[in-house]
Amino acid sequence: MSVKIDQIIRSDRKNLEVQISVEGYIIVRAPIEETMESIQDFLDSKKFYLLRTQQIAKVRYLNDLHKKYEEGEKFLFLGKERPLRIVSEQSIPLHYSEGIFYLSSSYLKFANKIFIDWYKEKAKEHIAEITDQYSKLYNIGYEKIIISNAFSQWGSCTGNGILNFSWRSILVPIDVLTYLVVHELAHVMMRDHSDDYWSKVEQMMPDYIKYENWLDKNSHICAMFKNETGTFAKSKSSKENTKEDKSIQLEFNL
């Protein structure tokens, strides 16, 4: 599958540049004489980076910059979008009950931090429960669980058995969260991704492949709240040319 171009802007320039807009559109700035085949070949050669950065941009645009913490706004929790209610009489900043978030109007100014702290707390609770269950069932010991701010990976396992999970793991469905735990627990026994490793994962969770596929298709969720986009430039001269854009935080020179 080729990278889809949303807009091409041709001008009297010497280099080819591919930009990801804040909305997640792929915009190509190209010399007048640059052929479509050459443009597409360049994009396809950087497909992984482009699509990943595009996902990050879309998530930022839809789920980060536009979180207004208003009545009825939706927030992910265990794979489902849950509505927000703003209430005036509530002793705690944030309360969750029967699929609804209740945010005290007195804490609206701090809503973003309050939500992330709540997510971290729930991630620790759910992951600890699932980890203990599978640890006892398959006799796999581990040192401890750490809930991190990681946005580039869901989880990891250190050589001494410490299991790290991004707090964003609590945003995915419970079965997918269980798979994330199984994946890291299996690494306590085998550090690589050998056939023996995957056999162990399959033993612990026979239908793991569908959850692995779900994560591949929804990897952008792991980047929520991370403001990051990129610009990709290809220079035709020996000297690399880059161009700053105020809407871009990271720039990749390829």
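Each reported figure results from applying straightforward, stated rules to the coordinates on display, with no laboratory input. Fair warning: this is a prediction, and the values are worked out from it, not measured in the lab. Glycine also receives a Cβ, built like all others from the backbone with ideal geometry; neighbour counts cover every protein chain displayed.
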Distance in nm between label sites at Gln203 and Ser156, each 7 Å beyond Cα in the beta-carbon direction? 2.7 nm
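What's the extension gain from Ser11 to Ile27 if we count 0.36 nm per residue and subtract their Cα-Cα distance?
Details: separation 16, 0.36 × 16 = 5.76 nm, distance 1.34 nm.
Difference between extended and current length: 4.4 nm.
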Subtracting the Cα-Cα distance from 0.36 nm times the residue separation, let me have the gained length for Asn218 to Asn149 in nm, one decimal. 23.0 nm
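By counting other Cβ atoms within 10 Å of each Cβ, how are His220, His183, His193 ranked from fewest to most?
His193, His220, His183
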Along the three principal axes, how long is the range 111-223 when you take its alpha carbons, biggest first, rounded to the nearest angstrom? 45, 30, 21
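Scan the range 111-208 for GluC sites (Glu not before Pro) in coil per DSSP, keeping those whose Cβ has at most 15 other Cβ atoms within 10 Å, and list them by number.
Here the sparse-neighbourhood loop sites are Glu143.
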